[in-house]
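The values are calculated or read from the model by the stated rules, or taken from the named source; none is laboratory data. Predicted, not measured: the structure shown is a model, and the values here were computed from it. Cβ: placed from backbone, ideal geometry, glycine included. Neighbour counts: every protein chain shown. Side chains included, ligands, DNA and RNA excluded: accessible areas come from the protein's heavy atoms. Shrake-Rupley method; radii C 1.70, N 1.55, O 1.52, S 1.80 Å.
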Amino acid sequence: MEPIQVIEGGVTALLRDDVDTDQIMPKQFLKRVERTGYGEFLFYDWAKEPGWELPHNPILATGRNFGCGSSREHAPWGLEDYGFKAIVAPSFGDIFYSNCTKIGLLPVVLEEEDVRALAGAGETAIDLERQTVAFSGHEVGFEIDPDIKHRLLNGLDDIGVTLGNADAIERYEADRERSGPVTTAL
Amino acid sequence: MAKSLYEKIWDAHEVAPGLIYVDLHMVHEVTSPQAFDGLRLNGRRVRRPDRTLATADHNVPTDGSKIAAQIADHLSRVQVEALERNCEEFGIPVYSIGSDRQGIVHVIGPELGVTQPGMTVVCGDSHTATHGAFGALAVGIGTSEVEHVLATQTLIQPKPRSMRVHYRSELGYGVTPKDLILATIGQMGVSGGVGHVIEYAGDPIERLSMEGRMTICNMTIEGGGRAGMVAPDDVTFEWLEGRPAAPDPLPVDEWRSLRTDDGVEFDREIEVDASTISPQVTWGTTPGMVAPVTGEVPEPRTEGEERALRYMDLAPGTPIREIPLDRVFIGSCTNSRIGDLRAAAEVVKGRQVSSSIDAMVVPGSQQVKAQAEAEGLDEVFRSAGFDWRSAGCSMCLGMNPDILSPGERCASTSNRNFEGRQGRGGRTHLVSPEMAAAAAVEGHFVDIRDWERAIA
């Protein structure tokens, strides 16, 4: 995962609420066993509707509860492969939010009016270290979990970090782990 | 200090701040192949195969195919074969197509008794909250997290906030757990639970069967919730007694302590009066766009609702009962357990599916299928004109050949009515098994309460 510091550039607007991951990446593309190449299938059905436009930009500004529904990480994979590096919305589906942070796609929560203003501005610079989004000559702040921020800023591999804490896991297993169920004994 | 059920489980599993130990990891074919590739790429092993269990459910055909090689769809076959190969390589038990324990991951976990009170359960599937019905903390995760759990048996998780949905009064005649949760989502909205672990409590919940509680917890994600749970009680213990993976004897005393202490304050609390709820039917493209069967398609209040009505080809003011249907699907991790099939069979017994309807029943697991067949339910459905299928996720998400054609309208016992969910251009109305069965007979929605009275 590449470290994130500042993400800047054009803003693509998709101002719809409750965009679910079935729309972002329809089911038929979940049969692939690869992790790459999902960008061309992004919003596959919506992209066929008249008037649909989704310019390639680093930033997507979108509506409330973006990425709700299915846990498919194929949705963030598609958004990232399409070129997005940050997604700004008033709120996100929980699993989607988490999935984005695992692949270095930065989810940013802003008030709805700020998202709309950002979409109107068309350009922005998102500074992860300072937790700010700058557009139209001013800045607004955003919240992010400190651990997630640390991992994104440094491009850390979660599994590597956790395995670095393997002693704690071993202690847990020795002292506190519950006795079952043992799936291999079924 | 007074603690909630959720906090008790969280505290018992915190390895380090924000790092949670996973007692059970369930795996399926769609969200795991890239995770296994990641392990191979980095030379990592699966830390605890004995806490991991896999099945093939999302894209298996329901035509009775017994081995992966029989799957006609090339990509589906490759994916199921990859699951089998990965599980063999990493030593994970797998109930793939052809196994008599195969089925929807959220059906087989409870069925085998691997889902137990006080556990943490994860799966690369958003409906993992189903397992919370047993008083477990069960969360859906993505593929990167699947890889993380495989490698470390832990999940990195910023601590969610807590929420309680308190039900009072009692469910009316003919009203089911499915109606209860649909109405709850209608009340709190599809993002009302975002960032929260939701405990469902109150007399109406305590009176529900385990299957009913699973239906409720299953749809937590449709209200945005991170996890849903119900405190374990005698109903839970009776259900678990004698299951293949259940401890013998059950640690009932320990499990009884898994409840929210008096005086605990939740970050958010809502109250729902169960007695005011009617059988529910969704009319739009989110599970929160829902109305009582006695109601009408509403006037759209937002752009999203306008879009939904266009997609659903419905006019405001149309009585829900006059919506004509083409298909009926009884199945999915929400409503495919033996109790669901019994309830639906009771409705269709001695009746015929309307000539305008193509109806199917997809049991949630091979064990549910076998049980239903032992009780003769398959015969009830078949003679009424239903197609009786093998276990899998099937038309809940249409990854296998069971899909709607564009424009087709379906009464479905599943959990999502998103655009294209059951097939591109397909239109989904979410209902209970009883309502779906009655709609299959009549060709349109009926108020099951009147209809059941008519039977009696």
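The set of residues in region B:7-18 that are open to solvent by less than 10 Å² (accessible area, probe 1.4 Å) and either among the hydroxyl-bearing types (Ser, Thr, Tyr) or assigned to a strand (DSSP E or B) (or both) is empty. Residue B:180 meets the conditions (1) part of a helix (DSSP H, G or I); (2) away from chain A (no Cβ under 14 Å); (3) out of contact with any Phe, Trp or Tyr (no Cβ under 8 Å at 6 or more places or on another chain) in every case but one. The failed one is (3).
Name the one entry in B:212, B:189, B:223, B:228 that is in contact (Cβ under 8 Å) with a residue 40 or more places away in the chain and away from chain A (no Cβ under 14 Å).
None of the other options fit; the residue is B:212.
The residues on offer are A:61, A:47, A:75, and the sole one that is buried (at least 23 other Cβ atoms within 10 Å of the Cβ) and part of a helix (DSSP H, G or I) is A:75.
Could you please let me know if residue A:179 is in a helix (DSSP H, G or I) and either crowded, with 16+ Cβ neighbours inside 10 Å or facing chain B (nearest Cβ under 8 Å) (or both)?
Judged against the criteria, residue A:179 is not a match.
Counting only residues that are surrounded by fewer than 20 Cβ atoms within 10 Å (Cβ to Cβ) and within 23 Å of residue B:122 (Cα to Cα), region A:92-113 holds 2 of them. Among the residues of region B:221-265, those that are farther than 25 Å from residue B:112 by Cβ and open to solvent by 30 Å² or more (accessible area, probe 1.4 Å) comprise B:261, B:262, B:263, B:265.
Screening region A:78-91 for residues that are in contact with a Phe, Trp or Tyr (Cβ under 7 Å, 6 or more places away or on another chain) and more than 19 Å from residue A:145 (Cβ to Cβ) and picking the one that is least open to solvent (accessible area, probe 1.4 Å) gives A:78. Please work out if residue A:66 is of a type in the set (Phe, Trp, Tyr) and within 8 Å of another protein chain (Cβ to nearest Cβ). When the stated conditions are applied, residue A:66 does not pass them.
Give the residue that is least open to solvent (accessible area, probe 1.4 Å), with candidates limited to residues of region B:154-173 that are within 7 Å of chain A (Cβ to nearest Cβ) and within 28 Å of residue B:40 (Cβ to Cβ). Result: B:154. Entry remark, region B:12-24: residues being touching a residue at least 60 places away in the same chain (Cβ under 8 Å) and either facing chain A (nearest Cβ under 9 Å) or aromatic (Phe, Trp, Tyr) (or both) number 8 in total. In summary, residue A:163 fulfils each of the numbered conditions (1) open to solvent by less than 30 Å² (accessible area, probe 1.4 Å); (2) over 22 Å from residue A:39 (Cα atoms) with the single exception of condition (1). Candidates are the residues of region B:301-319 that are part of a helix (DSSP H, G or I) and open to solvent by 20 Å² or more (accessible area, probe 1.4 Å); the one that is nearest to residue B:197 (Cα to Cα) is B:304. Residue count for region B:403-417, restricted to those that are buried (at least 18 other Cβ atoms within 10 Å of the Cβ), over 18 Å from the mean Cα position of the chain (by Cα) and either farther than 18 Å from residue B:440 by Cα or within 14 Å of chain A (Cβ to nearest Cβ) (or both): 2.
Taking first residues from region B:302-320 that are without any contact (Cβ under 8 Å) to a residue 60 or more places away in the chain and partners that are of a type in the set (Asp, Glu), the Cβ contacts under 7 Å between residues at least 6 apart in sequence or on separate chains come to B:304/A:17; B:304/A:18; B:316/B:299; B:317/B:296; B:318/B:296; B:319/B:296.
Against the numbered list (1) more than 12 Å from every other protein chain (Cβ to nearest Cβ); (2) part of a helix (DSSP H, G or I), residue A:124 comes up short only at (2). Residues considered: B:72, B:68, B:56. Of these, the only one that is under 30 Å from residue B:361 (Cα atoms), open to solvent by 10 Å² or more (accessible area, probe 1.4 Å) and more than 9 Å from every other protein chain (Cβ to nearest Cβ) is B:72.
Tally up the residues in region A:3-23 that are within 11 Å of another protein chain (Cβ to nearest Cβ) and not in a strand (DSSP E or B), please.
8
Taken together, the criteria place residue A:165 among residues that are farther than 17 Å from residue B:49 by Cβ, at pLDDT below 95 and of a type outside the set (A, V, I, L, M, F, W, C). The residue that is nearest to the chain's Cα centre (by Cα), counting only those in region B:249-275 that are free of Cβ contacts under 8 Å to residues at least 12 places away in the same chain and either under 24 Å from residue B:174 (Cα atoms) or within 14 Å of another protein chain (Cβ to nearest Cβ) (or both), is B:251. If the condition is being assigned to a helix (DSSP H, G or I), of a type outside the set (A, V, I, L, M) and touching a Pro at 6+ places or on another chain (Cβ under 9 Å), then region B:343-372 contributes B:369, B:371. So which residues in region B:25-51 are touching a Leu at 6+ places or on another chain (Cβ under 9 Å) and either free of Cβ contacts under 8 Å to residues at least 40 places away in the same chain or over 23 Å from residue B:104 (Cα atoms) (or both)? Passing the criteria: B:38, B:39, B:44, B:45, B:47.
Looking only at region B:423-437, decide whether some residue is in contact with a Leu (Cβ under 6 Å, 6 or more places away or on another chain) and closer than 22 Å to residue B:80 by Cβ. Yes, that holds for at least one residue.
Checked against (1) touching a residue at least 60 places away in the same chain (Cβ under 8 Å); (2) surrounded by fewer than 24 Cβ atoms within 10 Å (Cβ to Cβ), residue B:133 passes all but a single condition, namely (2). Right, residue A:98: in a helix (DSSP H, G or I) and farther than 12 Å from residue A:4 by Cα or not? Considered against the rule, which asks whether it is in a helix (DSSP H, G or I) and farther than 12 Å from residue A:4 by Cα, residue A:98 comes out as yes. Of all the criteria given as (1) within 9 Å of chain B (Cβ to nearest Cβ); (2) in a loop (DSSP other than H, G, I, E, B), the one not satisfied by residue A:169 is (2).
Residue-wise test of (1) within 25 Å of residue B:331 (Cβ to Cβ); (2) of a type outside the set (Lys, Arg).
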position: B:16; (1), (2): no, yes
position: B:33; (1), (2): yes, yes
position: B:44; (1), (2): no, no
position: B:74; (1), (2): yes, yes
position: B:77; (1), (2): yes, no
position: B:80; (1), (2): yes, yes
position: B:83; (1), (2): yes, yes
position: B:88; (1), (2): no, yes
position: B:94; (1), (2): yes, yes
